[in-house]
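Engineer: Once you've had a glance at the structure underneath, I'll fire off some questions.
The values are calculated or read from the model by the stated rules, or taken from the named source; none is laboratory data. Keep in mind that what you see is a predicted model, and the values were worked out from it rather than measured. Using ideal geometry, Cβ is built from the backbone for each residue, glycine included, and neighbour counts are taken over all protein chains shown. When the accessible area is computed, the model is the full protein with side chains, heavy atoms only, and any ligands, DNA or RNA have been set aside. Shrake-Rupley method; radii C 1.70, N 1.55, O 1.52, S 1.80 Å.
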Amino acid sequence: MSTSISVTDLTFSYPGGLKALDGVNLQIGAGERVAMFGPNGAGKTTLVLHLNGIHMPPPGRVVVGGTPLDDTSVMDIRRRVGMVFQDPDDQLFMPTVRQDVAFGPANFGVSGDELDQRVLDALGAVEMVHAIDRAPHHLSLGERRRVAVATVLASKPEILVLDEPSSNLDPASRRELATILKGLDVTMLMVTHDLPYALELCERAVIIDAGKLVADGGTRELLGDPDMMAVHRLELPYGFDLKAV
Amino acid sequence: MHIPDGFIDGTTSLGAGVIAAGGVGGALRQSAARLKDRQIPLAGLVAAFVFVLQMLNFPVLPGMSGHLLGGALAAILMGPSVAVVVVSVVIILQAMLFADGGVSALGLNLINMAVVTTLSGWFMFRLVRAPFRPSRRAVLGASFVAATLSVVVSAVMFVVEYAIGGVGGVNLFNVLLLMAGSHLLIGIGEGFITVAVVGAVLQARPDLVFGASDLRAEGSPRLPMKRFWILAGVAAAMLVSLTVFASSNPDGLQWVAEQTGLAQEAQGSLIATSPLSNYGAAGLSDGAGRIVAAAVGMVVTFLLGWLTFTILRRRSPV
Amino acid sequence: MSGGHAHALHIHGHSVVHRLPGHLKVAALFLFVVAVVATPARAVWAFGLYASVLGLVAGLAGVPVRFIARRMLVEVPFLAFALLLPLVGEGPFLEFGGVRLSEAGVLAAWTILAKGSCGVVGSILLAATTEIPNILAGLNRLRAPKAIVAIAGFMVRYLEVISGEMARMRVAMAARGYEPKAFWQVKALATSAGALFIRSYERGERVYMAMVARGYAGSMPTFGDVLTSTADVVRALALPGLAVITAAVALVVSG
C-alpha cells in the first residue's frame, strides 16, 4: 500500500504564541479511511489546514502522494486534497450550485465541455444533479453538505478531508451521506466527534490532544479503551454498545 | 432616503452619475491592493451585514423611527476606501433588485449614501480623535460624532442636489433646515448604534476596527495639533455666523417649527392638517431652531474643513 | 422585511422576457428609465404610454399585478414627500376643494409620482424576470468593475444567512422581554449588531479559506457566456426604444 499522506514533525504556533501543533507524525495509506478524534481546541483543524497548504510547513514536513508541500507545489496539492469544511454555508459561496461545483476545477484550469461534465459527475456522485441551478442557500442542510462534497469531488481529488461531516444532520441525511462517502474511491480523513459514525466509516482512528498525536489504531480498539477515552474527553453516546455493532 | 427616478432632473442625475462613478472608481483604485484577494469575500460579507443593518429600524423617539445608513460605521470598521466600495455595492443592489432608489438616480444615491456619509464620517472621526490620545473612549466618542454628523451631511447633500435639479417650488432654505434638523435626530440614533457596534467589536475583536488600529500599535500618525486648531477655528466661526444668520431669518425658523409640529402630529392626519394653518405653536422654540441651524453650520464647516485639510495636506508632506 | 428573502423577488417563468440575457435587460432598464426621466412631466400622454408598455411586459412575463403593487411599497416615503409638495410649495396657487395648492407643487408631485413609479415598476420587472446570478453576469458583461460584481455576488449569497442570524438574535432578545421603544434603549440591539458584524467578518475569513482550498488565487472564474442573438437584442431594445422615441416626441411637443 503506497503512502497517501505523510506528516512528519509538524509544529505550528498561531501569532500570539498559542502552540496548536507540537511535533505531529502521521502516515495515511492510499485508500484508507481514517477518523480523527480529540477535544475542542486540540489542534485537529490546524492539522487539517496543513494538508491543503492553507497553513504551510516548515517546521516539519507534509508530503502528499510523494510530493512535498511547498510554495511551488501548493496549487497542485490543493487540487489533490479536497477539503470539506464543517459549515456548508462557508463552503458554498457562489450564487448557484453549478457555479459552486465548477469553482474548484475552473481555478485548476478545467473549462468548456469537460468542466460541465465534471460538474455533472460530481453532483451525480452525491445524488444532487436535480439541484444544479438552485441557489445553495435554498437547500436543506443535508443537501448542502452533499453539494459541499461535490464541490471538491469535481476537482478529482485523491484525498478527501472532511471536518465534522455529520454535525447537525438529521438521522436520514446522516445515513445518506455515509452511503455516499462509502462509495467514493478516495483516501479519506474525517475529523469528527460522532464516534459511531467514525466506527461505521473508518477502520482506523487517531486521537489528537494538546497538539500531539496521542493514539493511533483500529477505531473499534480505540473506542473500546475506556481509560484512553476518558483522558481525552471522548464518550460514546448513551446506550451505545460497541459489541452490538 | 433612497431617491427614486424623476425626483431630480435628468441632467443633474446624469452629472451625479459621472461624479459618483469617479468617486467609487477612486475608492476602488485606493482599495485595489486590499481588495485584491482576501478582502473580496470579506467585503461581500460586510456588504450583506450593512444591508441587513439598513433594514433594522430603530426608535429615535417614541413614535418616530429611523434606519441606519451605516456609512460612517463601515468607514470606522473597514477604512474609508473599502467602505465606499462596500456601501456602493449595497446601494447598487438595492436599486437593481429591490427597486429601492431609482436606477437613473443611482449616481445621486451613491453620492449621498455611499460616498458622502462614508468620507465625511471618516473625516469627522479623524478630526475628533486628533487632539486625544489613542484610547477606547476617544474612539467611541469620535464614532458618535462622526456617525451623527455623517447623516446630517448626507441630508444636506440631498438638499444641494434638490437645489440643483429638484422639482417643485419649495423654499430651499426651509427644505435645508427641515432635512438637517430631522436628520440630526436620526443621526443621533445612528450615532448611538454606531458607538455600540464599534464598542462591541473593540471588545471582542479589536483587530477588526480599522479606525482603532493605533490603539494596538503605538506611534501611528496623528493629525498635528496645528491643523486641528485651524479646523476647530473654522468650525467655530462657521457655527457662530450661521446661527446668527439663521436667527435673523425668522421665516425659515417659523416654518421649521410648523413642520416639526406637523411631523409630531403626522401619524393620523398627514394631509388634513395644513402646515400653513397656525399649527406650529407646539413646535420648536426659537432656541431649538438655533440648534438646528448650528447643525447646518457644522455641516458647512465640514465641507470647508475638508477643503482646508486637503490643501494643507498637499502643502506639507507628512 | 422583504429584503431578507431574495427569492421573493423572482417570479419563476420561461417567457420571452425571462429568456433574454441579463445584460440586455439591465441595459434596457437603464435606457428606459433615462428616457422616462427626460420626458417633460406635462406630457401626461407619454406616461400613459409608458405605463401600458410596462403593463404589456408584465403580461408577457406573467408577473401578477398584485406582486408589482406590493413591491411598489418601497416608493411610499417619497410619495409622502411628493404629496406634501402641493401644500408647502410657493405660489401661484390654485384652489381645490377648499385647499390652497401650489401649482408648482402639484406639478412636482405628479412628476415624482409618474417618473418614480415607472422606474420602480421597471426595476421590479427586471428582478422578477431575471435570476440574481444572471443580473450579476449581466453587470459583468456590461463591464461593471469586477470587484464590485464579485462583492455583490458574495453579498447576495450571504444576505439571507446574515439576516437569519440577525432574526435569531432578535428572537432570543425578545424571548427575554426586550422591546426597545426609544433610542436610549437600543444599546442591546446595537451590541448584538456588533456581534453580528464579528460573525459576518469571521464567516468572510472562513469563506476565503474555503476558496483558497479550492485553488482561488485572487480572481474569480467566469462561467459560460450566454450567446446573444440579434433577435434578443431587438426584443430587449423594444421597450427602451419605444420609450426613447416617446420621450423625443414629448420633448418636441411639450418642451
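Engineer: Checking the conditions here, which among B:Val152, B:Val128, B:Val170, B:Val156 is without any contact (Cβ under 8 Å) to a residue 24 or more places away in the chain and under 28 Å from C:Val37 (Cα atoms)?
Structural biologist: Selected residue: B:Val170, the only one of B:Val152, B:Val128, B:Val170, B:Val156 that is without any contact (Cβ under 8 Å) to a residue 24 or more places away in the chain and under 28 Å from C:Val37 (Cα atoms).
Engineer: Restricting the first residue to segment C:192-214 and requiring it to be more than 7 Å from every other protein chain (Cβ to nearest Cβ), which pairs with a second residue that is surrounded by fewer than 21 Cβ atoms within 10 Å (Cβ to Cβ) and of a type in the set (A, V, I, L, M) meet a Cβ separation below 7 Å and a spacing of at least six or different chains?
Structural biologist: Listed pairs, sorted by first residue: C:Ser192/C:Met169; C:Ser192/C:Met173.
Engineer: Here's something else I'd like to know. A:Phe85 passes all but one of (1) open to solvent by less than 20 Å² (accessible area, probe 1.4 Å); (2) of a type in the set (Phe, Trp, Tyr); (3) within 13 Å of chain C (Cβ to nearest Cβ); which number fails?
Structural biologist: (1)
Engineer: Additional query: When you go through B:Phe173, B:Phe192 one by one, which is the residue that is farther than 30 Å from B:Thr11 by Cα and open to solvent by 40 Å² or more (accessible area, probe 1.4 Å)?
Structural biologist: B:Phe192
Engineer: Name the residue that is surrounded by the fewest Cβ atoms within 10 Å (Cβ to Cβ), counting only residues in segment B:138-147 that are over 10 Å from the mean Cα position of the chain (by Cα) and under 21 Å from B:Val50 (Cβ atoms).
Structural biologist: It comes out as B:Leu140.
Table: residues versus (1) within 19 Å of B:Ser143 (Cα to Cα); (2) modelled with pLDDT under 85.
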| position | (1), (2) |
| --- | --- |
| B:Leu45 | no, no |
| B:Val50 | yes, no |
| B:Gly63 | no, yes |
| B:Ala72 | yes, no |
| B:Val89 | no, no |
| B:Leu93 | no, no |
| B:Gly102 | no, no |
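Engineer: For segment A:50-57, check the following and say yes or no: at least one residue is within 12 Å of chain C (Cβ to nearest Cβ), buried (at least 22 other Cβ atoms within 10 Å of the Cβ) and free of Cβ contacts under 8 Å to residues at least 12 places away in the same chain.
Structural biologist: No, that holds for no residue.
Engineer: Only residues that are part of a strand (DSSP E or B), closer than 10 Å to A:Lys44 by Cα and either without any contact (Cβ under 8 Å) to a residue 40 or more places away in the chain or open to solvent by less than 10 Å² (accessible area, probe 1.4 Å) (or both): list them for segment A:193-230, please.
Structural biologist: Scanning segment A:193-230 gives A:Ile207, A:Ile208.
Engineer: Among the residues that make up segment C:56-72, is at least one of them part of a helix (DSSP H, G or I), within 15 Å of the chain's Cα centre (by Cα) and closer than 30 Å to B:Asn174 by Cβ?
Structural biologist: yes
Engineer: Shifting gears a bit: Name the residues in segment A:177-192 that are farther than 16 Å from A:Pro88 by Cβ, out of contact with any strand residue (DSSP E or B) (no Cβ under 9 Å at 6 or more places or on another chain) and open to solvent by 10 Å² or more (accessible area, probe 1.4 Å), would you?
Structural biologist: A:Thr179, A:Gly183, A:Asp185
Engineer: Having 1 or more residues that are more than 29 Å from A:Asp194 (Cβ to Cβ) is the bar; report the strands (runs of 3 or more DSSP E) wholly within segment A:18-134 that clear it.
Structural biologist: Once the strands (runs of 3 or more DSSP E) in segment A:18-134 are filtered for at least 1 residues that are more than 29 Å from A:Asp194 (Cβ to Cβ), what remains is A:61-64.
Engineer: Would you confirm, using the coordinates I've provided, whether B:Leu208 is modelled with pLDDT under 75 and open to solvent by less than 30 Å² (accessible area, probe 1.4 Å)?
Structural biologist: Answer is no for this residue.
Engineer: Can A:Lys156 be described as surrounded by fewer than 17 Cβ atoms within 10 Å (Cβ to Cβ) and within 24 Å of A:Arg79 (Cβ to Cβ)?
Structural biologist: No, not satisfied.
Engineer: Okay, moving on. Restricting the search to segment A:15-30, which residues are of a type outside the set (Gly, Ala, Ser), touching a residue at least 24 places away in the same chain (Cβ under 8 Å) and either closer than 30 Å to B:Arg205 by Cβ or buried (at least 23 other Cβ atoms within 10 Å of the Cβ) (or both)?
Structural biologist: Once the filter is applied, which keeps residues that are of a type outside the set (Gly, Ala, Ser), touching a residue at least 24 places away in the same chain (Cβ under 8 Å) and either closer than 30 Å to B:Arg205 by Cβ or buried (at least 23 other Cβ atoms within 10 Å of the Cβ) (or both), segment A:15-30 yields A:Lys19, A:Leu21, A:Asp22, A:Val24.
Engineer: Please go through segment C:109-129 and pick out each residue that is over 12 Å from the mean Cα position of the chain (by Cα), of a type in the set (Ser, Thr, Tyr) and more than 16 Å from C:Ala80 (Cβ to Cβ).
Structural biologist: If the condition is that a residue be over 12 Å from the mean Cα position of the chain (by Cα), of a type in the set (Ser, Thr, Tyr) and more than 16 Å from C:Ala80 (Cβ to Cβ), then C:Thr129 is the only one that fits.
Engineer: Any residue at all in segment C:112-130 that is assigned to a helix (DSSP H, G or I), hydroxyl-bearing (Ser, Thr, Tyr), open to solvent by 20 Å² or more (accessible area, probe 1.4 Å) and touching a residue at least 12 places away in the same chain (Cβ under 8 Å)?
Structural biologist: Within segment C:112-130, one or more residues are assigned to a helix (DSSP H, G or I), hydroxyl-bearing (Ser, Thr, Tyr), open to solvent by 20 Å² or more (accessible area, probe 1.4 Å) and touching a residue at least 12 places away in the same chain (Cβ under 8 Å).
Engineer: Follow-up question, since we're still on this one. For segment A:146-189, which positions are among the acidic types (Asp, Glu) and either in a loop (DSSP other than H, G, I, E, B) or modelled with pLDDT of 90 or more (or both)?
Structural biologist: Within segment A:146-189, A:Glu158, A:Asp163, A:Glu164, A:Asp170, A:Asp185 meet the criteria.
Engineer: Taking the stated definitions as given, is B:Ser135 touching a residue at least 24 places away in the same chain (Cβ under 8 Å), open to solvent by 10 Å² or more (accessible area, probe 1.4 Å), of a type in the set (S, T, N, Q) and more than 25 Å from C:Leu189 (Cα to Cα)?
Structural biologist: Judged against the criteria, B:Ser135 is not a match.
Engineer: If we scan segment A:31-41, do we find a residue that is surrounded by fewer than 22 Cβ atoms within 10 Å (Cβ to Cβ) and among the β-branched types (Val, Ile, Thr)?
Structural biologist: no
Engineer: Taking only segment B:91-121 into account, find how many residues are under 19 Å from C:Gly119 (Cβ atoms), of a type outside the set (Gly, Ala, Ser) and in a helix (DSSP H, G or I).
Structural biologist: 14
Engineer: Checking the structure you have, find out if any residue of segment A:110-127 is free of Cβ contacts under 8 Å to residues at least 24 places away in the same chain, out of contact with any helix residue (DSSP H, G or I) (no Cβ under 7 Å at 6 or more places or on another chain) and under 29 Å from C:Val161 (Cβ atoms).
Structural biologist: Yes: segment A:110-127 contains one or more residues that are free of Cβ contacts under 8 Å to residues at least 24 places away in the same chain, out of contact with any helix residue (DSSP H, G or I) (no Cβ under 7 Å at 6 or more places or on another chain) and under 29 Å from C:Val161 (Cβ atoms).
Engineer: With the structure loaded, tell me whether A:Ser173 is buried (at least 22 other Cβ atoms within 10 Å of the Cβ) and more than 13 Å from the chain's Cα centre (by Cα) or whether it fails that test.
Structural biologist: The answer is no for A:Ser173.
Engineer: OK, next. Determine, yes or no, whether C:Arg141 is basic (Lys, Arg) and free of Cβ contacts under 8 Å to residues at least 60 places away in the same chain.
Structural biologist: no
Engineer: How many residues are more than 18 Å from A:Pro136 (Cβ to Cβ) and of a type in the set (A, V, I, L, M, F, W, C) if we restrict to segment C:152-183?
Structural biologist: 10
Engineer: Further question on the same structure: Touching a helix residue (DSSP H, G or I) at 6+ places or on another chain (Cβ under 9 Å), more than 9 Å from every other protein chain (Cβ to nearest Cβ) and on the phi > 0 side of the Ramachandran plot: which single residue out of C:Gly98, C:Gly62, C:Gly22 fits that description?
Structural biologist: Step by step, each of C:Gly98, C:Gly62, C:Gly22 is checked, and only C:Gly62 is touching a helix residue (DSSP H, G or I) at 6+ places or on another chain (Cβ under 9 Å), more than 9 Å from every other protein chain (Cβ to nearest Cβ) and on the phi > 0 side of the Ramachandran plot.
Engineer: When you look at B:Ala83, is it within 16 Å of B:Thr117 (Cα to Cα) and either modelled with pLDDT of 85 or more or facing chain C (nearest Cβ under 10 Å) (or both), yes or no?
Structural biologist: Criteria met by B:Ala83.
Engineer: Can you tell me which of (1) open to solvent by 10 Å² or more (accessible area, probe 1.4 Å); (2) facing another protein chain (nearest Cβ under 9 Å) is the one C:Ala174 doesn't meet?
Structural biologist: (2)
Engineer: Okay, moving on. Could you tell me how many of the residues in segment C:87-107 are surrounded by fewer than 24 Cβ atoms within 10 Å (Cβ to Cβ) and either in contact (Cβ under 8 Å) with a residue 24 or more places away in the chain or part of a helix (DSSP H, G or I) (or both)?
Structural biologist: The total comes to 6.
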